[in-house]
1. Quick one: which residues, 5 or more positions from Met94 or on another chain, have an amide H under 5 Å from its amide H? H modelled 1.01 Å from N in the peptide plane, none for Pro or chain starts.
2. Using the basic label-point model (7 angstrom from Cα toward the beta carbon), what is the Ser24 to Glu74 distance in nanometres?
Amino acid sequence: MSKSSDTQSNLDISLHALVVVSISDHFTRSRVRAGAERVFGMLLGVQQGRKVEIFSSFECAVGENGLLNTQYLEDRKNAGMYPSFLNQYPLLCMWLPPSLLEIALMAC
């Protein structure tokens, strides 16, 4: 019988304040509009080994078909709402509001 030992992930994760503000802003706007848009977000940053640094995020809308609404992204890009530096960092992961999380988990 082997002993179980406490393990640590040894991950070094840095989350910039702008990302937290951006996600918080989305949830606030969503509540005010009573969830009119189904929106999720992408997190951008870099990963080097076990060090992860998240620099920015942006929101994406869910289309009527349940897939990414590319027109929403294009409209926001054309309106200058996405900074040019977004192209500098790879997509690391995404965030979902609770309503979409339930749908995503049911699809798995």
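Quick note: the coordinates plus some simple rules give every number you see, no bench work behind them. What you see is a predicted model, and the numbers here were worked out from it, not measured in a lab. Note that we place each Cβ from the backbone using ideal geometry, even for glycine, and neighbour counts take in every protein chain shown.
1. So Met94 has HN proximity to Leu43.
2. 3.5 nm
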